[in-house]
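The values are calculated or read from the model by the stated rules, or taken from the named source; none is laboratory data. The structure displayed is predicted, hence computed values, not measured ones. Please note: Cβ atoms are built from the backbone with ideal geometry, for glycine as well, and neighbour counts cover all protein chains shown.
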């Protein structure tokens, strides 16, 4: 196979270029400079394309990096908001209260105090599922009846 410009030169079938490894110095010097100029122009064109591609890639990378930073900030903000919501959920207790008659409530409160000896109103509400107002009224009545005495009065 021969080169179109230089039919007497062998060319590498893979690259389409002259195989310089099998040439003598005199043969290499006999190759016209315009052959190298064509190679230089082709390489220059390829370098320009690579530079443009590199510049485009760098812009895309910069934009992507900016977007990633923005997403990280948003994610951090969401994490903070989620932590606040979780803290509120942990502090908030939902209790389903039941309506009970005053006599039934008295019985429940008396039995609770027999087992636990001491309790506050919140504890009674959470465990007996009786509204706070009803518990306060029941405790007042039990104190008047003498069935229940405040902890401070027992100690004196």
Residues that are under 30 Å from residue 129 (Cα atoms), exposed (fewer than 10 other Cβ atoms within 10 Å of the Cβ), under 42 Å from the mean Cα position of the chain (by Cα) and at pLDDT below 75: does the range 84-93 have at least one?
yes
Test of understanding: among 53, 111, 90, 99, which residue is without any contact (Cβ under 8 Å) to a residue 60 or more places away in the chain and outside any helix (DSSP H, G or I)?
99
Criterion first (surrounded by 10 or more Cβ atoms within 10 Å (Cβ to Cβ), out of contact with any helix residue (DSSP H, G or I) (no Cβ under 9 Å at 6 or more places or on another chain) and modelled with pLDDT of 90 or more) does residue 128 satisfy it?
no
Looking for something exposed (fewer than 10 other Cβ atoms within 10 Å of the Cβ), more than 49 Å from the chain's Cα centre (by Cα), modelled with pLDDT under 85 and assigned to a loop (DSSP other than H, G, I, E, B) - is there at least one such residue anywhere in the range 136-155?
yes
May I ask you to list pairs of residues, at least six apart or on different chains, whose Cβ atoms are under 8 Å apart, with the first in the range 24-36 being surrounded by 10 or more Cβ atoms within 10 Å (Cβ to Cβ) and the second being in a helix (DSSP H, G or I)?
28/20
Looking at the range 114-125, which of its residues are part of a helix (DSSP H, G or I) and either surrounded by 10 or more Cβ atoms within 10 Å (Cβ to Cβ) or touching a residue at least 40 places away in the same chain (Cβ under 8 Å) (or both)?
116, 121, 122, 123, 124, 125
